[in-house]
Amino acid sequence: ISSQDPSLPQAFPMDEEYDVIVLGTGLKETLLSGLMSVAGKKVLHMDRNGYYGGESASLNLNQMFEKYANGEKPPEALGSSRDYNIDLIPKFIMASGKLVRMLLYTKTTHYLEFKQIDGSFVVKKGQVYKVPATETEALSSGLMSLFEKRRFRNFLKFVQEYDEAKGSDKDVKRMTAADLCNEFGLAADTIDFVGHAIALETTDEYLKGPALELVKRCQLYSLSLAQYLKSPYIYPLYGLGELPQAFSRLSAVHGGVYMLNKPVDKIEYDEAGRVCGVTSEGETAKCKMVIGDPSYFVHEQGKVQQKGKVIRLVCLMSHPIPNTNNSDSCQLIIPQSQVGRSNDIYITCLGHSNCVAPKGKYVVIVSSTVETEDPVKELAPALKLLGKPDKIFALLNNIYVPVNDYTKDGCFISSSFDATSHFETSVNDVLAIYDKIMSTLPPGERKPIDLDNLPPSED
């Protein structure tokens, strides 16, 4: 509930006591706010911005130019501002992934409408190829030689048929991912797209880890692909900013109080160093714990630590990405080894059918983890694949991770969004924070979440 939103009831006063105060309306924070409200906690949710979403908001064209182009006016050729919903954090949703299960668990799917993404592509030696994820696609793919196609097909068959409960002749729990790939005789280029375009690993470190993790990631891709066949991804109409709003409604339905345009002047602590309230505009709301995104803690000692940066180039275009079958929406991954990097480069493309741009316009976002002093130059290999954009915005975000002791200070801080192209790591962060919160409550107040065993009506 926000006093700044005339369509909603008047705001509650700050000078009250809450079980939880949540700072920031990003996806992670609104999801946690909803979960805590459902768990019966009295929640106050604040955001310094006048819109939902925080770092994961979706902005219209005027907002983008105001925020990232020094207030410059958008050219008329780009079309109407209100037809744009531009994600600041570009990510797709795995159709059988954890975020979908979380939406089902929280019963928030009726707030949202989804559309599948048209295609998933990978780059090899500067050429764009569709990611083969079925045996049929494997045999027709131009990514591999004839003999390699057979080896990859055998690998894919093994992955799809593997059942952890039954086991197999290959001990994937003990062998490494590299060992498993070698068992099937996969070439280096094939391992590249298996690891980065199917398992969606961000670096090659996974090769040293257990093969079981690689198998599970490939199974998730295959299961998600089987839902809609074109690609494993879905996306909410009108942008990712719809997700925080859906979870905010969940919290409000269960009594959560919302205040937008509410600056956080100070987070209050008692003599023992435990959080006890939040002060804003001369008023202090008391609380037992605080949940927040790291931007609210960067100026506090010992709460968060910077761990790198992410560069994102938002490109507004009048054509789809070349060599993607004129896909109105797609994902394209450039594996790190293809361009001499330590991290992959991700490209997301969305168009009019996703309700994020006017007809004939496309929002393409290129992103990666920063490795040098010239982050924009690092994305040059991706820009070469796009053709000429009408406008480019450069967004540089610091990545912060919590380093505080939540058992002592009562602050539960999320990590910044990483460069990955999907929400699996984000939901893992939310579940980890939720488990930490539950561990600090009396046993009778704990409400565990099991996304692997949803009730039949929700699965």
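Two-decimal Rg/Rh of the stretch 184-305 from alpha-carbon positions, Kirkwood Rh? When Rh is taken as the Kirkwood radius, the ratio is 1.15.
The three principal axes of the C-alpha atoms in the chain carry coordinate ranges of 71, 58, 45 Å, sorted with the longest axis first.
Around residue 328, with a cut-off of 12 angstrom between Cβ atoms, what is the net charge of the other residues, counting Lys and Arg +1 and Asp and Glu -1? Net local charge, residue 328 excluded: +3. The solvent-accessible area of residue 153, taken with every protein chain present and a 1.4 Å probe, is close to 80 Å². Accessible area per residue for the chain is 43 Å², calculated with a 1.4 Å probe on protein heavy atoms, without ligands, DNA or RNA. Counting only DSSP beta bridges whose two residues both lie in the chain, roughly 70 percent are antiparallel. The lysine pair tally for the stretch 256-342, using Cα distances under 26 Å and a gap of 8 or more places or different chains, is 9. For the stretch 131-223, GluC sites (Glu not before Pro) meeting the loop criterion (DSSP other than H, G, I, E, B) and having at most 14 other Cβ atoms within 10 Å: 164.
Given +1 at the Cβ of Lys and Arg, -1 at the Cβ of Asp and Glu and no other charges, the dipole of the stretch 231-373 around its Cα centre is 300 debye to the nearest 20. For the stretch 313-356, the direction-averaged projected area of the alpha-carbon convex hull comes to 3.6 nm².
Straight-line cross-link partners of residue 124 among the aspartates and glutamates, defined as a Cα under 18 Å from its Cα and at least 8 positions apart when in the same chain: 137, 148, 189, 192, 201, 204, 344, 378. Relative to one another, the C-alpha centroids of the stretch 224-246 and the stretch 347-366 are positioned 14 Å apart. Note on the stretch 213-262: Cα Rg divided by 2.2 N^0.38 Å, N the number of residues, gives 1.73. Scattering from the stretch 94-156 was approximated by placing one identical point on each alpha carbon and applying the Debye formula without solvent; log10 I(q)/I(0) at 0.16, 0.21, 0.24 1/Å stands at -0.69, -0.85, -0.97.
Against the empirical curve 2.2 N^0.38 Å, the C-alpha radius of gyration of the stretch 242-316 lands at a ratio of 1.40.
If R0 is 25 Å, the Cβ-Cβ spacing of residue 407 and residue 69 corresponds to a FRET efficiency of close to 0.05.
Taken about its Cα centre, the stretch 174-290 carries a charge dipole of roughly 480 debye when the Cβ of each Lys and Arg holds +1 and the Cβ of each Asp and Glu holds -1. Near residue 182, once Lys and Arg are set to +1 and Asp and Glu to -1 for all other residues with Cβ below 15 Å from its Cβ, the sum equals -3. Think of the chain as having a plus end and a minus end, set by charges on the Cβ of Lys, Arg, Asp and Glu; of 421, 187, 94, 187 sits farthest toward the positive end of this dipole. Among the GluC sites (Glu not before Pro) in the stretch 328-382, those placed in a DSSP loop whose Cβ has at most 12 other Cβ atoms within 10 Å are 373. Across q = 0.12, 0.18 Å⁻¹, the stretch 241-385 modelled as identical point scatterers on its alpha-carbon atoms has Debye log10 I(q)/I(0) values of -0.79, -1.05, in the order of the q list.
The values are calculated or read from the model by the stated rules, or taken from the named source; none is laboratory data. What you see is a predicted model; the values in this text were computed from it and never measured. Neighbour counts are summed over all protein chains in view; Cβ atoms, including those assigned to glycine, are modelled from backbone coordinates with ideal geometry. For accessibility, only protein heavy atoms count, side chains too; no ligands or nucleic acids. Shrake-Rupley method; radii C 1.70, N 1.55, O 1.52, S 1.80 Å.
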